[in-house]
Every structure is written in structure tokens, then in C-alpha cells.
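Enquirer: Here it is: the structure, laid out below.
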């Protein structure tokens with residue numbers, strides 16, 4: 001249209017130019033110059049018009065592209081856009097809006113928006129539109145729509161009123177946001193909170209929230225009757241205002257540790273109440289509060305019954321320990337009496353072999369008595385330091401059988417290993433037999449020599465070695481089948497402790513007994 005207009009003006013100028021040319025035929029050279037100037041001006045004007053026409057075409061293309069982009073943004077926006085008349089009839093809707101309502105756009109246009117609203121929310125929608133029209137302000141409300149699959153579809157409406165030039169109401173502009181996922185998340189959170197609250201209510205302990213200064217903010221106390229003060233009276237107060245100084249100091253100590261380490265567990269404090277002493281076990285965990293000083297969650301458990309039971313158990317254990325010690329003491333005394341009786345009886349025996357039998361029996365009783373004496377003196381009534389026991393028993397035997405210490409040396413390498421009583425008694429008798437045998441028979445006729453006693457642990461076993469450099473056993477002897485009472489005892493007792501015996505008779509005698517450690521299960 002603009003091109004035709006510019007073309008008409010050009011024709012008009014041309015006609016005028018021809019008219020001037022006819023009227024001034026006699027003007028000669030000057031008229032020719034005017035015509036050339038006019039033609040030049042017309043040519044320049046023509047070029048300008050063509051350039052303007054190109055700009056107009058480009059602008060028109062850009063406007064069309066912008067319109068298309070706007071329509072795409074409008075249609076495919078993540079929210080629904082609706083234009084409704086004053087009666088709530090849908091006049092315009094984008095594709096997202098039609099998807100939310102669950103029907104093609106051509107079917108929802110000119111239909112009432114309220115038809116897509118769940119019946120329980122239609123009154124809410126009517127009140128919402130009325131308020132927007134009345135106040136002419138943008139309003140928001142949450143409603144439920146009827147989804148195509150009949151599942152709840154929760155949305156938020158942002159509605160504003162559009163007015164005419166004279167200020168009268170024209171139409172509603174509505175933006176719909178699908179909040180179904182948010183609603184489901186909120187319901188899950190609410191369900192979780194309800195379950196959490198039910199769990200908290202089921203806990204019989206006092207739960208409370210405090211800040212770093214020990215000021216109470218919240219609590220849950222199912223058994224408030226057992227508290228020092230009623231919980232509703234200490235909200236907003238510090239621990240020093242509601243608890244005795246000692247208990248308050250304990251809580252502040254726990255708060256300090258929880259602030260530094262994130263948590264504190266297991267502090268026990270005591271309260272004196274009108275009806276007796278109460279014991280509480282305190283646990284505290286840090287609860288960071290954004291843009292605020294840290295708060296802490298505390299759990300105070302009434303452990304009074306447990307403390308009373310522990311006290312009773314400790315008293316019973318002390319009584320049991322005293323009884324066991326008394327038993328050990330009496331057994332030790334009886335064995336000492338037996339040893340003394342055997343010693344006295346030996347004085348009436350003239351036969352040397354019989355005398356030695358009495359003395360060996362006396363020493364066996366003495367070795368068992370020494371174990372019970374160690375147990376009686378020990379703080380642990382189940383085990384003894386067996387290395388120290390071997391040292392005491394060996395020295396007793398050395399003093400009994402060695403009349404000249406310059407001839408026979410006793411060398412001991414003993415590891416301090418605890419051994420339970422069931423292993424200690426047979427092992428003590430084994431040591432008694434081995435050491436006695438070495439001191440009595442290895443060095444006849446004033447022969448010089450050394451008896452070595454070693455005891456140590458290796459992996460899961462204990463190793464006992466008795467070594468002498470005396471005259472030694474005969475190479476032909478079968479120590480597992482012999483008439484010697486001492487060797488028979490050694491074999492039997494080694495079997496009782498699940499041990500193994502090795503004997504070497506090169507350059508003296510070496511007994512090596514290995515047996516497993518026994519772990520006491522209390």
C-alpha cells in the first residue's frame with residue numbers, strides 16, 4: 001500500500017515536469033538544467049522510498065517472529081493462563097491450561113470454569129472471584145480440580161481484574177499453578193511429623209530443647225510427675241533457675257561438650273526430691289538453627305530403678321566375692337594342714353623311699369595351697385598371674401631340695417600371663433613334678449648345674465619349659481609309659497589342659513609343654 005502511494009506521487013511529479021517542459025520550450029538550456037535536477041531528485045527519492053520499503057518489510061517480519069514467539073511462550077508456559085468473563089466463562093486459554101483441565105482447548109472455550117472445580121471447592125472459587133471483582137486487587141486461593149483420572153489435582157489460582165478505559169470491570173485474568181506434587185509432599189511431611197510425634201509421645205523419657213545458655217524452649221514429658229518441677233513452669237528459664245546448682249552445672253557441662261563435639265551421651269546426675277533420690281541419665285545432641293545461635297535436643301532418662309538394681313547387684317557381688325575368698329582361704333588352710341600332717345607323718349617313717357613319697361605328696365599339696373592363696377589375695381577371683389606363681393612355687397621347691405645353692409642355680413624367664421583356676425591347678429602340679437624331679441635327680445654326687453624355667457605365650461598357646469643340664473634321662477626311656485608316679489601325673493594333668501609334651505634328652509633334660517589359652521566367659 002505504501003509502495004503504491006509513493007508511486008502515485010512519482011507519477012504526479014512526472015506529469016508536472018512534462019507540463020513545465022511544454023510551457024517552457026523556449027527556455028532553452030536553463031529549462032534542460034531544471035529538468036535534469038528534477039529527475040535527479042526524483043531518482044534519489046525513489047531510492048529512499050525503496051530503502052524505507054525494505055525496512056518496513058524487515059520490521060513486519062520481526063513483528064511476526066515476536067508474535068509467534070509470544071504465542072509459543074504463552075501456550076507452552078509451565079502454568080495455565082485463562083481469560084474469563086464476569087460470569088466465569090472461559091474466553092481464552094493456553095495449551096498448558098487445557099492440559100491441566102484435561103480437555104482440548106476447543107472444548108473448554110466458552111464453557112464455565114466452575115465445571116472443572118471439585119464440588120467441595122466451588123463455593124471457595126465463587127468467593128474468590130467475588131473478592132477480586134469487588135476489591136480489583138490481585139488475589140490468590142487454593143482449590144481442587146477434577147482431573148481426567150479422578151485423582152485429586154490441587155492448584156493455586158492467581159487472579160486479577162482487567163478494567164475498561166472508564167474503570168469498569170471487563171474480565172478476569174487467571175494464572176493456574178499445579179501444586180499436586182507439592183501437596184503430596186506436604187501430606188507426606190505431615191504424615192511423617194505425625195508419626196514422629198507419636199514416637200516422641202511413646203518415649204517415656206523427658207525430651208527438651210535448650211540453647212547454649214541453658215534456656216528451655218520446648219519439652220515433652222510423659223511422666224512429668226517424677227520431675228523436680230513441672231515442665232510448663234521452666235519454659236523460658238535457664239537450668240540454674242529451675243534445678244539445683246549441681247544438676248544445672250552437669251547439664252551446662254554436657255551442653256559445652258555437645259557444642260564442641262556435636263553430641264554428648266551418658267552423663268548421670270542426681271536429684272533429691274521430697275519422696276527420695278532420683279537418678280537421671282542425660283544425652284544431648286546439637287540442633288543448628290539457621291540465622292540463630294545453636295539449640296540442643298536433650299533426653300533425660302530416669303534410671304533410678306536401674307541404679308537401685310546396680311547397687312543391689314554390687315552388694316550381692318561383694319558378698320559373693322567375700323564368700324569365694326573365704327572358700328579359697330579355707331581350702332588353702334586345709335591344704336596347708338594336709339601338708340603339715342604329711343610332713344609330721346614323714347618323721348615317723350624310717351624307710352627313705354617312703355619318706356620321699358610323703359615329702360612329694362606334701363609338696364603337691366603345698367603347690368595347690370599356693371594357688372588358692374594367690375586367688376585369695378587377687379582382686380580377680382577367677383585368674384592369677386601365673387608367671388609370679390611359678391616363681392614362688394619354684395623358690396619354695398629350691399629351698400626344700402637344694403642344700404648347697406652354690407652347686408645348683410635356678411634361672412627363670414617368666415612372662416606375666418593370667419591363667420584361670422581350672423588351668424592353674426593342674427599346671428601348678430605339673431611344674432611341681434618337673435622342678436622337683438630336676439632338683440632331686442639331675443645333679444647327683446654334688447654335681448654342678450642349672451635348672452631353667454621358662455613360661456611365655458605364643459599365638460593362642462602358653463608354653464612351659466623346664467630345662468636342666470644334668471645327667472638326663474636314659475635315651476631308651478618311654479616317659480609316656482613308665483612306673484614313675486611323677487611322670488604319670490605329668491601325662492594325666494597335661495591331658496586335662498589339652499596340652500602336648502615334648503621331651504629332649506640331649507645334654508640334659510628338656511620338657512616342653514604347650515597348652516591353649518582359656519578365655520574366661522563371665
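Enquirer: Out of the stretch 396-411, which residues are out of contact with any helix residue (DSSP H, G or I) (no Cβ under 6 Å at 6 or more places or on another chain) and part of a helix (DSSP H, G or I)?
Expert: Answer for the stretch 396-411, where residues must be out of contact with any helix residue (DSSP H, G or I) (no Cβ under 6 Å at 6 or more places or on another chain) and part of a helix (DSSP H, G or I): 396, 398, 399, 400.
Enquirer: If the requirement is being within 60 Å of the chain's Cα centre (by Cα), surrounded by fewer than 16 Cβ atoms within 10 Å (Cβ to Cβ) and without any contact (Cβ under 8 Å) to a residue 40 or more places away in the chain, which of these qualifies: 498, 507, 476?
Expert: 498
Enquirer: Same structure again: Within the stretch 104-127, can you find the residues that are more than 16 Å from residue 143 (Cβ to Cβ), surrounded by 14 or more Cβ atoms within 10 Å (Cβ to Cβ) and either touching a residue at least 40 places away in the same chain (Cβ under 8 Å) or in contact with a helix residue (DSSP H, G or I) (Cβ under 8 Å, 6 or more places away or on another chain) (or both)?
Expert: Across the stretch 104-127, the qualifying residues are 105, 108.
Enquirer: Please enumerate the residues belonging to the stretch 94-117 that are under 16 Å from residue 148 (Cβ atoms) and either in a strand (DSSP E or B) or outside the structural domain of residue 176 (by TED's automatic domain parsing) (or both).
Expert: 117 - this is the single residue of the stretch 94-117 that is under 16 Å from residue 148 (Cβ atoms) and either in a strand (DSSP E or B) or outside the structural domain of residue 176 (by TED's automatic domain parsing) (or both).
Enquirer: Please go through (1) under 21 Å from residue 398 (Cα atoms); (2) touching a helix residue (DSSP H, G or I) at 6+ places or on another chain (Cβ under 9 Å) for residue 499 and return the number of the only condition it doesn't satisfy.
Expert: (1)
Enquirer: Kindly establish whether residue 120 is closer than 18 Å to residue 183 by Cα and modelled with pLDDT of 90 or more.
Expert: yes
The values are calculated or read from the model by the stated rules, or taken from the named source; none is laboratory data. Nothing here was measured: the structure is a model prediction, and the numbers come from that model. Glycine also receives a Cβ, built like all others from the backbone with ideal geometry; neighbour counts cover every protein chain displayed.
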